Amino acid sequence: PYVDNDSRNDPGVHENRVVRGGSWRDRPHRASASFRLAYRPYQGVYNVGFRVVCEDEQPDGARDP
């Protein structure tokens, strides 16, 4: 949805970028996808990342052999 020349992916731009959510190492109210934080693109932080969710397709009580 972005055009190439709008500077959103320009590594030379040093403005804050918005990130979503916190982490298990952060305060509980921040561990939500609705929480927003602002960081500089070059800033290394421990409380930003992504989560992977996998649903269990086995019925309740079923186990692998």
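All of the numbers you see were taken from the coordinates with simple rules; none came from a lab. Computed from a prediction, not measured in an experiment: that's the story for all the values here. Positions of Cβ are backbone-derived with ideal geometry, glycine not excepted, and every protein chain shown enters the neighbour counts.
Annotation: amide H of residue 17 within the under-5 Å range of 39, 40, sequence separation 5 or more or interchain, hydrogens built in the peptide plane. Estimated from the Cβ-Cβ distance and a Förster radius of 35 angstrom, the FRET efficiency linking residue 5 and residue 46 is about 0.60.
About the centre of its Cα atoms, segment 13-55 shows a dipole size close to 120 debye [charges on the beta carbon of Lys, Arg (+1) and Asp, Glu (-1) only; nearest 20 debye]. Extension gain for residue 17 to residue 54 (0.36 nm times residue separation, less C-alpha to C-alpha distance): 10.5 nm.
Each peptide in 17-27, 37-47 gets a packing score, the mean of other Cβ atoms within 10 Å over its residues, and the list from highest to lowest is 17-27, 37-47.
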